[in-house]
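Data first, discussion second: the structure below is written as structure tokens.
Taken together, the values in this text are just the output of simple stated rules run on the coordinates, not laboratory data. Because the structure is predicted, anything quoted here is derived from the model rather than measured. In this analysis, Cβ positions are derived from the backbone assuming ideal geometry, glycine residues included, and neighbour counts consider all displayed protein chains.
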Amino acid sequence: MNAEVLQDRDHPAHAARRVAKNTAYLALADVTSKILGFLFYLLAARSLGVEQYGVLSFAVAFTAMFAVLTDLGLGTVTAREIARDRDVASRFVSNVLAMKLLASVAVILVICVLVNIIGYPATTIRVVYICSFYVLGNAMASYYCWVFQGFERMDYVAVTRIMQATVLAVGAVLMMQRGAVVERYALMYAGAWLTSALLAGAIAAARLVRPGLAFVPREWWRLLRPSLPLGLTAMFTMFYYWNGTTLLSRFRGYEAVGVYSAAFRLAMGLAFAGLAFSGGVFPLFSRLFLNDPGRSARALELALRYMIMLVLPVAAFGVAFAGPIINFLYGSGYHGAAPLLSVICWWGLFACLNSLLSNYFISTDRPASVTLQTGLALGVNLVLNLVLIPALGAVGAALSIVVAEASSLLFLAVLHLRSPVHVRVRLILSDASRVVAALATAVLAVAASTSWSVAFRLPVGFALYGFLLLVTGGISKGDLKILGTLLRGNDA
């Protein structure tokens with residue numbers, strides 16, 4: 001790509017507007033897909049009951065753990081390289097699609113064999129069979145989303161993800177009228193991903209790059225070499241997320257799985273804004289590092305400030321109102337999920353910060369660091385799960401994943417601070433102290449209003465937090481100037 005074009009694209013005003021726009025698209029996708037996706041799980045939980053919902057949650061987790069074997073890090077590398085040079089898109093897409101198709105078929109066969117070898121009940125095996133087709137749909141849909149991210153067309157990411165969630169939600173509403181059959185929910189789950197994969201392929205072919213299948217082993221190896229550390233990272237991450245669910249099913253049964261999944265799914269949904277922001281700044285990190293590593297570090301510094309503003313209040317309000325939130329959404333049958341949510345909310349905070357730092361390390365050509373971080377998280381989580389789940393059940397699984405996420409965040413932070421160019425910690429801590437002061441006041445004020453419904457208290461609490469953040473200087477004049485520039489759409 002022409003150097004002048006790249007320089008113009010990375011002009012501070014242009015880059016800021018583009019990151020804001022892409023973050024907005026990803027936030028829209030996250031908000032809509034999380035709401036619709038959560039509606040699917042909520043209706044499934046209410047319709048199936050704790051135990052059968054646990055069966056569905058186990059099948060989803062079991063297939064998701066193995067689905068990561070189709071990723072191999074190729075999506076992240078594709079996004080990074082297309083962001084730097086869009087002329088490589090056709091070669092990457094054609095070869096990667098062929099690899100993913102073959103890998104998906106192999107993984108589906110492995111899943112079907114393993115679930116029989118382990119010896120799960122017949123109903124569970126049937127549900128896993130159906131959910132295994134998620135592997136193919138996810139492999140294709142998620143890869144196209146990486147392609148869209150490389151082209152900085154997060155609007156296409158939004159369309160793809162919203163379609164998948166819409167199919168889930170509409171299907172769940174329709175199934176509520178036909179009786180609680182867990183296999184039907186599994187069929188809808190797999191079908192939603194296959195539908196989104198077809199839509200994403202159609203969008204890519206019409207707008208960005210015509211997909212094809214290139215069976216060129218030499219080219220495959222050239223693509224795999226830089227992506228394998230990222231693939232290993234993805235594998236560690238997925239086993240890290242879902243090994244607790246699998247171990248819970250063996251040690252404590254499907255009821256414990258259902259309660260844990262209810263809390264964890266909600267925490268994942270609450271972290272949408274932070275994860276969307278992290279995805280929005282990834283292409284910018286990649287290009288800034290290529291042209292000016294110093295600017296890349298300053299961009300991370302600013303991103304960390306905004307991330308703390310976004311995700312810390314979500315964690316704090318989640319802890320303060322965990323019981324009312326669970327009762328309002330799931331009903332009294334899931335009261336056991338409340339203490340789990342108050343713990344897992346902190347996982348959401350650490351996960352968002354980890355996502356931002358991980359994207360920064362990947363964009364600065366240090367994927368091995370992220371592989372080590374995810375390996376550390378998986379190791380800590382697995383050991384703690386084996387110790388705590390037999391003793392504490394779902395609470396043990398929640399504690400394990402929070403400690404593991406905090407450990408890996410500490411690892412990445414120390415690694416970054418040892419780099420020649422790093423963020424100014426004192427500045428970030430100073431900003432964070434203002435956030436904490438505003439947040440503590442807002443939480444205490446709203447918590448005292450016990451006569452209000454939680455559906456009213458939470459919006460009021462977030463609004464009060466935003467107001468106090470302005471008053472205490474947590475949002476600076478510089479932040480307001482950037483916001484004004486974005487809203488006016490000029491280059492000021």
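Once every DSSP H run of n ≥ 4 in the chain is given -39500 (n - 2.57) and the sum is divided by its residues, what mean residue ellipticity at 222 nm do you get, rounded to the nearest 500 deg cm²/dmol?
-29500 deg cm²/dmol, from helical runs alone.
Kindly state, as a whole number, the per residue volume in cubic angstrom of the convex hull around the alpha carbon atoms of the stretch 306-386.
Considering the Cα atoms of the stretch 306-386, their hull volume per residue is 100 Å³.
Just want the ordering: ILE35, ILE389, from fewest to most Cβ atoms lying within 10 Å of their own Cβ.
Listed from fewest to most nearby Cβ atoms, that is ILE35, ILE389.
Within a Cβ distance under 15 Å of MET175, other residues only, what is the Lys/Arg minus Asp/Glu net charge?
Combined, the nearby Lys, Arg, Asp and Glu give +2.
Of the chain, which part is the longest with no trypsin sites (Lys or Arg not before Pro) in a loop (DSSP not H, G, I, E, B) and with at most 13 other C-beta atoms within 10 angstrom?
With trypsin sites (Lys or Arg not before Pro) excluded where exposed in loops, the chain gives 179-417 as its longest stretch.
Among ASP155, ASP71, ASP87, ASP365, rank each residue by its count of other Cβ atoms within 10 Å, from fewest to most, as a rough exposure measure.
ASP87, ASP365, ASP155, ASP71
Taking the Cβ of VAL107 as the center, what net charge do the other residues with Cβ under 11 Å away carry, scoring Lys and Arg +1 and Asp and Glu -1?
Summing Lys and Arg as +1 and Asp and Glu as -1 gives 0.
Please report Rg (one decimal) and Dmax (integer) in Å for the Cα set of the chain.
Reported Rg and Dmax, both Å: 22.2, 67.
Multiplying the sequence separation of ARG225 and ALA391 by 0.36 nm and subtracting their Cα-Cα distance, what value in nm do you get?
55.5 nm
Compute and list, largest first, the equivalent-ellipsoid semi-axes of the stretch 163-249 from the alpha carbon gyration tensor, each √(5λ) rounded to a whole angstrom.
32, 23, 10
Once whole DSSP H runs in the chain are found, which of them have Cα atoms spread over 27 Å or more along the helix axis and a mean Kyte-Doolittle score of at least 1.6?
In the chain, the long hydrophobic H runs are 89-118, 394-417, 425-447.
Using 7 Å Cα-to-Cβ label points, what is the ALA448/SER419 separation (nm, one decimal)?
4.4 nm
Place a +1 charge on the Cβ of each Lys and Arg in the chain and a -1 charge on the Cβ of each Asp and Glu, then give the dipole magnitude about the Cα centre in debye, rounded to the nearest 20.
For the chain, the charge dipole is close to 360 debye.
Report the local net charge at LEU39: Lys and Arg +1, Asp and Glu -1, summed over other residues whose C-beta lies under 15 Å from its C-beta.
My count for the surroundings of LEU39 gives +3.
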